[in-house]
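**Q** Just passing along the structure, written as structure tokens.
Please treat every number below as a calculation from the coordinates, not as lab data. As the structure is a computational prediction, the values presented were derived from the model and not from experiment. Counting neighbours? That spans all protein chains shown, and the Cβs are built from the backbone with ideal geometry, glycine included.
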């Protein structure tokens, strides 16, 4: 069983997204440790990038704060090594192709394996272009996570049938961000995915409240929350870890 699969074996998985380096790397360390202690089953770590095209204003601003604080890809790898001394839950990177290319694809992915990163999410790489990375990720045992959106339609079975780790189900059109209501027909979307794959599905984009998390978890194997967490970080800064811990617990309780 892959490390990512372990996140889904004991019920519905709660997956927080955390931008590394906002407000600084030491605070990110504390946030990740507290999130794991508070019930996070898998943690997405965002490597900040200057042009995060899939992100709404909250995570864009978090990335900019992290970059201004001096966060680099090498520093993020060092952070993960430190986190792995205490945190055992699966962790994946979410970043953009340019970050990987500029670092060197094989160098980047081999370091992922070396420090304990279990998967990689690249939202700007479509299914048709995953060949740029898939041989390298498989060589080093890092799952390349597929995204399926409401617009995937006739591509759903093709993407799902080759998916690894878990499938990131994009709940809403547009970029990440808190939404008061999710209008996509999630049950039909997940049913179409599950007809072609046994890989767990986790829903992200727009989920922020325990009520939304509970509803979405009825259809999928897990829920992903990013913007709501980074809003807490933006509000509390270095004092954010305790507040994030409380939020993570409330979300995990809601889907358990």
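**Q** Run the numbers on region 13-246 and let me know its relative contact order in percent, using alpha-carbon pairs under 8 Å that are six or more apart.
**A** Details: 447 pairs, mean separation 54.9, N = 234.
Here the relative contact order equals 23 percent.
**Q** Starting from the 7 Å offset along Cα-to-Cβ, what nm value, one decimal, do you get for the label separation of residue 246 and residue 114?
**A** 4.0
**Q** Per the helix-only calculation at 222 nm, which mean residue ellipticity applies to the chain, given -39500 (n - 2.57) for every DSSP H run of n ≥ 4 and division by its residues, nearest 500 deg cm²/dmol?
**A** Numbers: 11 runs with 110 residues, N = 256.
Value at 222 nm, helices only: -12500 deg cm²/dmol.
**Q** Determine, from the Cβ-Cβ distance of residue 82 and residue 130 and an R0 of 41 Å, the FRET efficiency 1/(1 + (r/R0)^6), rounded to the nearest 0.05. Write down the numbers at each step before the final one.
**A** Numbers: r = 30 Å, r/R0 = 0.74.
That pair, residue 82 with residue 130, gives E of 0.85.
**Q** Same structure, new question: Under the definition of Cα pairs under 8 Å and six or more residues apart, what whole-number percent is the relative contact order of region 6-57? Spell out each step's value before the answer.
**A** On the way: 47 pairs, mean separation 23.3, N = 52.
This gives 45 percent for region 6-57.
**Q** Among 16, 48, 210, which one moves the most in a GNM of the chain with springs linking Cα atoms closer than 10 Å?
**A** Residue with maximal mean-square fluctuation among 16, 48, 210: 210.
**Q** Just how far, in whole angstrom, is region 237-256 from region 1-28 if you go by their alpha carbon centroids?
**A** Centre-to-centre (Cα) distance: 13 Å.
**Q** Sticking with this one: By per-residue mean of other Cβ atoms within 10 Å, what is the highest-first order of 22-29, 93-100? Could you put the intermediate results ahead of the total?
**A** On the way: 22-29: 19.9, 93-100: 21.5.
Going from most to least packed, we get 93-100, 22-29.
**Q** Among DSSP beta bridges lying fully in the chain, give the percent that are antiparallel, nearest 5.
**A** Values: 0 of 26 bridges.
In the chain, approximately 0 percent of DSSP beta bridges are antiparallel ones.
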